[in-house]
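Visitor: Could you have a look at this structure, given as structure tokens, before my questions?
The values are calculated or read from the model by the stated rules, or taken from the named source; none is laboratory data. All figures in this text were calculated on a predicted structure; none of them were measured in a lab. Quick reminder, even Gly has a Cβ in these numbers, built from the backbone with ideal geometry, and neighbours come from all protein chains shown. Note: areas computed on protein heavy atoms with side chains; ligands, DNA, RNA excluded. Shrake-Rupley method; radii C 1.70, N 1.55, O 1.52, S 1.80 Å.
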Amino acid sequence: AHAQKAVVLSQSRKEVVGNRGGHNQIILRVGFGVCSSSMLQTLSDWLWWERLWLPANVSWSDLEDGEGRVYAKPSQLYAALPCAVSLLLVRYVFERYVATPLANVWGIRDRIRLTAEPNPVLENYFCGQARTSWPEARIQVWFRRRRNQERSGLRKRFCEASWRCAFYFFAFAGGVLALYDKPWLYNLKEVWAGFPKQSMLPSQYWYYLLEMGFYLSLLLSLTFDVKRKDFKEQVIHHIATLTLLSFSWISNYIRIGTLVMAVHDSADILLEGAKVFNYAKWRQTADAMFVVFTLLFMLTRLVIFPFWLIHCTWVYPLERFPPFFGYYFFNVMLVVLEMLHLYWAVLISRMVYKFIFTKLEGDDRSDEEEDDSDSQKDRNHKLSHINGAGVRGRASGH
């Protein structure tokens, strides 16, 4: 009887302990959920703190739709993702049914590449470190062929340049239609008239959505686009552009944002157009477009952008409200873009130098194909084996 009572008491104690453990787990889960919810709420409050995005004495309630005014909303930025996917589909259709037939008409063909012969040792060296007994000249030829296998063909470059040229043309045309009758195009002080209580226009909405979708599509397609020497700078440019567009959308910097986009698109049309005609071997047309592009790039990126637009965002706002975090952040991002412009200006200057004093071939940013043919000594050596040599050659009738 005593033993049975002890067993019963032991089991009851285990049940009590088990129940307490279950309750503790429930309490821990509830506590963790409350803590996570609190942290997310704190992060959200900090992220949307009005002093980060808006000037002093302005709150989010001041930017609510009403009195015939419509304001940009952060939730509308989600539309950039389906727009980017749609542009990728449009790009696929354009390159397949427009650019590729055009390449056929103009006789644009990929260069016949000599495949590197299988060699596990050199393949390991290409990816890591290894040694081989091949002569140096043969190794150099193998590596040139192997690197060329990783490069994009001429037709792919032509299709990509054609797509970008077409997009920049239509985007710039849309930007002109959205800006030509606006007072802030002719007087930059009008950019800040009534800021931030500036109603968003339908043309501004679609212009922003198209540009954000395009640059987001460029980020999504980086893995299969043509790789260039300024790959890292391109990534920084796309991220900085998307950051600027997103911030200007939320903070209602839309007027200056449309001006920045139009200034950038104007020169990009000529750059991509010059590439298209260069791949088609229309040398004179490509050279003429490159000259005009160089002048327009230097004017828009090194004169208008820093001395008009950045001056507009740096000086004029202080006449209306004290500086805040968004003011500094927006201007810093514009300066980052200008630094990239200076980098590309150096590359363009090198191309201009080659164009004037030597011979310009292709894009200085592109990773051009290397000559993967055998050396003259190797070719003579192969011919001697094919045709024979001396008495053996004559006896075989060659």
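Visitor: Does the stretch 212-335 come out rounded, prolate or oblate by the C-alpha gyration tensor, with a ≥ b ≥ c the root eigenvalues, rounded set by a/c under 1.5 and, if not, prolate when a/b is larger than b/c and oblate if not? Each step should come with its number before you reach the end.
Guide: On the way: a/c = 2.92, a/b = 1.66, b/c = 1.76.
Cα axes put the stretch 212-335 in the oblate bin.
Visitor: Grab the beta carbon distance between Q41 and V292, set R0 = 51 Å, and tell me the FRET efficiency rounded to 0.05.
Guide: Numbers: r = 55 Å, r/R0 = 1.07.
Efficiency computed from Cβ-Cβ geometry: 0.40.
Visitor: If you don't mind, another one. Just add up the charged neighbours of A171: K/R +1, D/E -1, any other residue whose Cβ is under 14 Å from the Cβ of A171.
Guide: On the way: positive: R91, R164; negative: E211, D265, D268, E272.
Result for the neighbourhood of A171: -2.
Visitor: Here is a further query. For Y186, Y353, write out the residues from largest to smallest accessible area, computed with a 1.4 angstrom probe and no ligands counted. Could you put the intermediate results ahead of the total?
Guide: Numbers: Y186 165, Y353 135 Å².
Heavy-atom accessible area, descending, gives Y186, Y353.
Visitor: Further question on the same structure: Calculate the tail of P(r) for the stretch 284-324: the fraction of all Cα-Cα distances greater than 16 Å, expressed in %.
Guide: Details: 435 of 820 pairs.
For the stretch 284-324, the fraction of Cα-Cα distances above 16 Å is 53 percent.
Visitor: Sticking with this one: Students sometimes get this wrong: rank I236, I304, I348, I356 by accessible area, probe 1.4 Å, all chains present, largest first. Intermediate values should be presented prior to the final figure.
Guide: Numbers: I236 85, I304 50, I348 15, I356 110 Å².
Of I236, I304, I348, I356, the descending order of accessible area is I356, I236, I304, I348.
Visitor: How many nm is it between the label spots at M339 and K232, if each spot is 7 Å from the Cα in line with the beta carbon?
Guide: So the label points at M339 and K232 sit 1.2 nm apart.
Visitor: Let me ask you something else. Are there chymotrypsin sites (Phe, Trp or Tyr not before Pro) in the stretch 207-274 that DSSP marks as loop and that have at most 11 other Cβ atoms within 10 Å, and which are they?
Guide: Working: sites: Y207, Y208, F214, Y215, F224, F231, F247, W249, Y253; in loops: F224, Y253.
Answer by residue number: F224.
Visitor: Enter the accessible area of L302 (Å², nearest 10), with the probe set to 1.4 Å and all protein chains included.
Guide: 40
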